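Data first, discussion second: the structure below is written as structure tokens.
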Amino acid sequence: MKYSYLIPLFLLLSCTSVSVNKYEKPVFNSKGFAYIYSIDDYENKIIKRKIDNNLPLVAHKNIQRGVLLKITNPRNGKNIILKNSFKVNYPDFYKVLITETIADKIGLNDDFPYVEVEEVKKNKSFIAKKAEMHEEEKQLHTKAPVEKVKISNIGKTTLKTVNKEPKFVIILGNFYNLESAQILRKRVKTESEMLKNKKISIIKKNKHNFEVFLGPYKTIKMMKNDYIALKLINFDEVDVKIYE
């Protein structure tokens, strides 16, 4: 009779085992600013590794060497796919380190080198023999958790102009009601000495979506300073998105 108690336990463990085996590690995908390497960075000991700027090289601080990465410029759709050259540390504000050669190939603006970084898995539809250029646009999502930071342009949709410089805002969170949005704004001003006098705006995007943001910013330096201030009060991750 005691064996009857073991049967449900065995079935439970079997189901658990199946669930674990089916788990797949999520593919890395992030949007933010690229750190464009220069020899001054090495000489000033900002980057500890000397890199050849004439080569198309990419380096990520958390991704293993040899992993395929796709670097996209969302403003023009140009991208390049190549292996992660090595792991290296770079200033925490940035998402990836690239050489000037890559920046030129995908037409990055040095003042706002905004990119999307994706891990590419090898499969039937992709053969990784060399870096390739494509003309693709990626849909950019707008939702973000409260404790994360994302940067986007929340202005009205306008026609693209060649010389128009982008503006960015730092999104602090999206909330179901106005009261929650106001609580976050108060929290940021209370906890951050650097941000207490900053303008933190709230806009109503629809009936149950209130967005809290800092900005807009015209320079990456201004935005970086506020990002550092946010990180000091535990806004740990940055996801950069732009809408033009």
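The values are calculated or read from the model by the stated rules, or taken from the named source; none is laboratory data. Note that this is a predicted model, so its numbers are computed, not measured. Heads up, the Cβs are rebuilt from the backbone with ideal geometry, glycines too, and the neighbour counts pull from every protein chain shown.
In the list 189, 196, which residue meets the criterion of being among the basic types (Lys, Arg) and out of contact with any helix residue (DSSP H, G or I) (no Cβ under 6 Å at 6 or more places or on another chain)? Selected residue: 189, the only one of 189, 196 that is among the basic types (Lys, Arg) and out of contact with any helix residue (DSSP H, G or I) (no Cβ under 6 Å at 6 or more places or on another chain).
Here's the yes/no breakdown for (1) within 19 Å of the chain's Cα centre (by Cα); (2) basic (Lys, Arg); (3) surrounded by fewer than 16 Cβ atoms within 10 Å (Cβ to Cβ):
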| site | (1), (2), (3) |
| --- | --- |
| 195 | no, no, no |
| 207 | no, yes, yes |
| 215 | yes, no, no |
| 222 | yes, no, yes |
| 225 | yes, no, yes |
| 229 | yes, no, no |
| 234 | yes, no, yes |
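Filtered by the rule that a residue be farther than 11 Å from residue 36 by Cβ, part of a loop (DSSP other than H, G, I, E, B) and within 12 Å of the chain's Cα centre (by Cα), the stretch 93-115 gives 93, 95. Could you list all residues from the stretch 62-92 that are outside any loop (DSSP other than H, G, I, E, B), in contact (Cβ under 8 Å) with a residue 40 or more places away in the chain and not polar (S, T, N, Q)? Matches in the stretch 62-92: 68, 69, 70, 71, 78, 80, 81, 82, 83. Looking for something in contact with a strand residue (DSSP E or B) (Cβ under 8 Å, 6 or more places away or on another chain), over 20 Å from residue 235 (Cβ atoms) and modelled with pLDDT under 90 - is there at least one such residue anywhere in the stretch 178-191? The answer is no; no qualifying residue exists. Taking the stretch 1-45 as the search range and keeping residues that are closer than 30 Å to residue 112 by Cβ, modelled with pLDDT under 85 and hydrophobic (A, V, I, L, M, F, W, C), which one is surrounded by the fewest Cβ atoms within 10 Å (Cβ to Cβ)? Here the answer is 27. For the stretch 184-213, the set of residues classified as under 26 Å from residue 112 (Cβ atoms) and touching a Phe, Trp or Tyr at 6+ places or on another chain (Cβ under 9 Å) consists of 188, 200, 201, 202, 203, 211, 212, listed by residue number. May I ask you to list pairs of residues, at least six apart or on different chains, whose Cβ atoms are under 7 Å apart, with the first in the stretch 32-61 being within 30 Å of residue 167 (Cβ to Cβ) and the second being exposed (fewer than 12 other Cβ atoms within 10 Å of the Cβ) and not aromatic (Phe, Trp, Tyr)? These pairs meet every condition: 36/110.
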